[in-house]
Amino acid sequence: MDVVPSPPRPGPSAATTLKVNDDSTEDDVAMTIDQKIAAARSRLSPQHCLFCTVKSTSIDENLTHMARIHSFWLPEENYIVDRPGLLTYLGEKVAVGNVCLFCNTRSREFRTLDAVRKHMVDKSHSKLAYEKDADKLELSDYYDFSS
């Protein structure tokens, strides 16, 4: 397995430094949000670990890394129809929303990607919220249970 650590980011990332002022227009806010999403996408692709800075050479290697190192697995994996899409969505949730995958929206948002990653590792929250129907529904676009 070829796992390549991502290079360290000097100083705050572009996504954490994008700000809007009180006198910003709706267009300014929308543009800032778009920039943050674009910056996060470039930082956290489906090959990036959700919990640390490791970047693998493939999605399969990334999932193997996350399983071995962080005990992370995708629930009901046999029914997933869009693994890249699911990992991209989870990456945006972590990097853009700064939301813990297990606490989901039931807890506070974190200020940075590093903070949410630290929380998930420290609390052993390297798992998806998948117990409640609402949690399953959130991920339903990436699954097909019809077969």
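The values are calculated or read from the model by the stated rules, or taken from the named source; none is laboratory data. These numbers were taken from a predicted model, which means no experiment stands behind them. Neighbour counts run over all protein chains shown; Cβ positions are idealised from the backbone, glycine included.
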- prompt: Looking at region 102-113, is at least one residue within 21 Å of Glu76 (Cβ to Cβ) and modelled with pLDDT of 90 or more?
  reply: yes
task: Only residues that are surrounded by 15 or more Cβ atoms within 10 Å (Cβ to Cβ), touching a residue at least 40 places away in the same chain (Cβ under 8 Å) and under 13 Å from His70 (Cβ atoms): list them for region 99-126, please.
output: Leu101, Arg117, Met120, Ser126
- request: Mind listing just one residue for me: the one in region 75-94 that is crowded, with 20+ Cβ neighbours inside 10 Å and not hydrophobic (A, V, I, L, M, F, W, C) and, of those, farthest from the chain's Cα centre (by Cα)?
  value: Lys93
task: State yes or no: is Leu18 buried (at least 18 other Cβ atoms within 10 Å of the Cβ) and either at pLDDT 75 or above or in contact with a helix residue (DSSP H, G or I) (Cβ under 8 Å, 6 or more places away or on another chain) (or both)?
output: no
message: Condition (residue is surrounded by 15 or more Cβ atoms within 10 Å (Cβ to Cβ) and acidic (Asp, Glu)) applied to region 136-143: is it met by at least one residue?
response: yes
